[in-house]
Ligand code: PHE
Ligand code: FE
């Protein structure tokens with residue numbers, strides 16, 4: 001494995017952190033406070049107890065295989081032992097959100113960037129930017145699933161291509177990430193279950209995404225998803241449902257270039273709308289839906 005060269009220590013607004021030449025940092029494990037570890041333990045326990053009735057089995061299996069709940073914030077090096085052996089992915093610590101091309105390059109090379117810092121105790125239920133709990137608990141368990149792991153890498157490669165094509169293509173691809181990796185649902189024998197990281201890392205949305213009558217739940221269709229706006233300020237108004245990870249991987253295999261061209265000429269679908277062509281599992285009641293612009 002290539003160990004990045006450590007160039008300098010850097011004073012950031014969250015403390016003094018070793019920064020590598022690659023822009024990733026070293027997880028400053030020793031600098032986590034008791035409060036930080038307690039926040040992890042509290043959130044971990046809360047979601048681990050809730051999710052058996054809501055999350056898909058692959059996610060729950062991944063979580064347990066990592067032993068992320070053994071007390072305190074996990075060390076990335078320990079998780080990487082398990083992850084590397086299973087699917088060849090590895091976690092890298094970062095300060096926060098990355099420029100698109102940098103993020104795509106990480107994914108294309110089977111590196112998943114994880115924010116090293118964790119939210120404050122008063123932010124257990126909501127914060128506006130991804131922290132360690134969202135990134136690690138939400139995203140990393142499924143990287144143990146071989147098909148999902150391959151999908152994430154393919155997404156990274158696709159991201160570089162979309163970036164080169166232009167901002168509209170990038171927006172279409174971002175919507176795909178949003179409605180699958182972040183907010184995806186999957187059909188199982190036990191009913192609809194969650195696989196999206198944005199849902200499993202939120203207690204409120206885990207229950208809402210499965211139990212609420214308000215949102216639409218619609219069968220996954222690649223172009224429909226890539227053409228659908230989304231909300232960043234509320235729970236989702238529509239969730240897209242896959243049959244299994246193979247469906248996701250296979251549907252996204254073909255070259256997207258003609259799709260980007262087609263979508264450039266069509267107007268996007270609003271987050272709350274249901275189309276006559278949709279496979280509808282649940283037509284939402286829209287109760288409590290906020291008015292206002294989608295992304
Ligand atoms: N097949 C896509 C393309 O040609 C790449 C991709 C794969 C995008 C998987 C997203 C997910 O751009
Ligand atoms: Fe995320």
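The values are calculated or read from the model by the stated rules, or taken from the named source; none is laboratory data. Keep in mind that what you see is a predicted model, and the values were worked out from it rather than measured. With ideal geometry, Cβ positions are generated from the backbone for all residues, glycine too; neighbour counts draw on all protein chains shown.
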Pairs, first free of Cβ contacts under 8 Å to residues at least 40 places away in the same chain and closer than 27 Å to residue 294 by Cα in segment 229-258, second in a loop (DSSP other than H, G, I, E, B) and within 16 Å of ligand 2 (Cβ to nearest atom), C-beta under 9 Å, six or more apart: 235/202
Residue in segment 149-157 that is at pLDDT 95 or above and assigned to a loop (DSSP other than H, G, I, E, B) present: no
Any hit, segment 125-142, residues being within 15 Å of ligand 1 (Cβ to nearest atom), under 15 Å from the mean Cα position of the chain (by Cα) and touching a residue at least 60 places away in the same chain (Cβ under 8 Å): yes
Residue check, residue 126 buried (at least 20 other Cβ atoms within 10 Å of the Cβ) and more than 12 Å from ligand 2 (Cβ to nearest atom): no
Failed item, numbered, when residue 171 is tested on (1) within 13 Å of ligand 2 (Cβ to nearest atom); (2) without any contact (Cβ under 8 Å) to a residue 40 or more places away in the chain: (1)
